[in-house]
Ligand code: COA
């Protein structure tokens, strides 16, 4: 028997209906459509509205979309991993709630926290369970309700983030397809530049932390930008080199959608023309764990069996990485 690979065999996605445009943001903070577009590439983002709706709601929709498309019984899923930075609650894990919502009665489930690299971390973790032979059906979902931790009076962060969720199904294959290689990195010294100050065990929520707006995203944009641009490009070039891939061999770059300029720098480094770059940042902004699977969801019909994909991300932590996936099916 040959080596078992973890093939992506289905994708699903969900974005909320409400569209927050640059024009609407102009009426909330001192900014302009021109500034946001030229600095980030973002035109609009989706926002989840509705009392009592959180990350698990969007993840549930994305997974139900996947299951229905392929007519898959949720009880046949062995494991659900949810990548998120905005869990429904501190505990239990959001994945537990999603599994219950979706009727995955036989699955164990847990969350992975790696900020904007969360989906890549979770994808590679899920792939290990398939490759080892332990599990046959693993769902990995990336979901974030970033609007729940964004300060809509802070023009440097509120323009960037949006809400959304995307999911993939992993199944074993003896063909040379699926998650073939990954380079994943983290450097916790970067925490100072991008974090949420309060609400954790170091600084539990109090009246003071709420008044000081310490439950929102704190980001030093320029510093994060510099680290992101270098590390995302470096790691993408490294994984291509390690697998003997040139720009011609790569069908698609599937980048975390943080900033158009970071994505362009990565594509340039990989010698890829823009037609080979999945880009939906203009419509969704940065959905953190949702960006990469949402791209796969939107581009699914254009993907062909055997296509070489490089998935790349950078995020808080700092965390970053790249994953080499050979696409396993034609839609
Ligand atoms: N509208 C208008 N002006 C704005 C603005 C906005 N929304 N946000 C910031 N500015 C102003 C700043 O106040 C500053 O003004 P000053 O020079 O008078 O002080 C000026 O624009 C430049 O600010 P700066 O922070 O240097 O802008 P930037 O070019 O670095 O762009 C980000 C800001 C946040 C878009 C950019 O740094 C970025 O994308 N960083 C990475 C973010 C990221 O990827 N985060 C997620 C991790 S994956």
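Please note which helices (runs of 4 or more DSSP H) are completely contained in segment 205-295 and include at least 2 residues that are crowded, with 17+ Cβ neighbours inside 10 Å.
Answer list for segment 205-295: 221-242, 260-269, 281-284.
List every residue pair whose Cβ atoms sit under 6 Å apart, with the two residues 6 or more apart in sequence or on different chains, where the first one lies in segment 194-213 and is under 17 Å from residue 317 (Cβ atoms) and the second, anywhere, is at pLDDT 95 or above and in a strand (DSSP E or B).
Sorted first by the residue in segment 194-213, then by its partner, the pairs are 194/219; 195/218; 197/218.
With the requirement that a residue be closer than 24 Å to residue 312 by Cβ, away from the ligand (no atom under 16 Å from the Cβ) and in contact with a helix residue (DSSP H, G or I) (Cβ under 6 Å, 6 or more places away or on another chain), what does segment 113-138 give you?
Scanning segment 113-138 gives a single hit, 138.
Criterion first (within 16 Å of the ligand (Cβ to nearest atom) and either under 16 Å from the mean Cα position of the chain (by Cα) or closer than 25 Å to residue 69 by Cα (or both)) does residue 316 satisfy it?
yes
I need the strands (runs of 3 or more DSSP E) fully contained in segment 3-114, keeping only those with at least 3 residues that are surrounded by fewer than 21 Cβ atoms within 10 Å (Cβ to Cβ).
Hits in segment 3-114: 18-21.
Within segment 162-204, take every residue that is assigned to a helix (DSSP H, G or I) and out of contact with any helix residue (DSSP H, G or I) (no Cβ under 6 Å at 6 or more places or on another chain) and give me the one that is surrounded by the most Cβ atoms within 10 Å (Cβ to Cβ).
Only one residue tops the list, namely 190.
Specify the residue that is farthest from the ligand (Cβ to nearest atom); the eligible residues are those in segment 140-152 that are over 18 Å from residue 42 (Cα atoms) and outside any strand (DSSP E or B).
148
Residue by residue, here is whether (1) without any contact (Cβ under 8 Å) to a residue 60 or more places away in the chain; (2) more than 16 Å from the ligand (Cβ to nearest atom); (3) assigned by TED's automatic domain parsing to the domain that holds residue 319 holds:
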{"position": "17", "(1), (2), (3)": "yes, yes, no"}
{"position": "36", "(1), (2), (3)": "no, no, no"}
{"position": "39", "(1), (2), (3)": "no, no, no"}
{"position": "43", "(1), (2), (3)": "no, no, no"}
{"position": "46", "(1), (2), (3)": "no, yes, no"}
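I'd like the full set of residues that are assigned to a strand (DSSP E or B) and in contact with a helix residue (DSSP H, G or I) (Cβ under 7 Å, 6 or more places away or on another chain), limited to segment 314-331.
314, 315, 319, 320, 321, 322, 323, 324
If you go through segment 234-251 one residue at a time, how many are free of Cβ contacts under 8 Å to residues at least 60 places away in the same chain and either over 21 Å from the mean Cα position of the chain (by Cα) or not assigned by TED's automatic domain parsing to the domain that holds residue 322 (or both)?
Of the residues in segment 234-251, 6 are free of Cβ contacts under 8 Å to residues at least 60 places away in the same chain and either over 21 Å from the mean Cα position of the chain (by Cα) or not assigned by TED's automatic domain parsing to the domain that holds residue 322 (or both).
The values are calculated or read from the model by the stated rules, or taken from the named source; none is laboratory data. This structure is a prediction, so every number in the text was calculated from the model and none was measured. Every residue, glycine among them, receives a Cβ derived from its backbone with ideal geometry; neighbour counts consider all protein chains shown.
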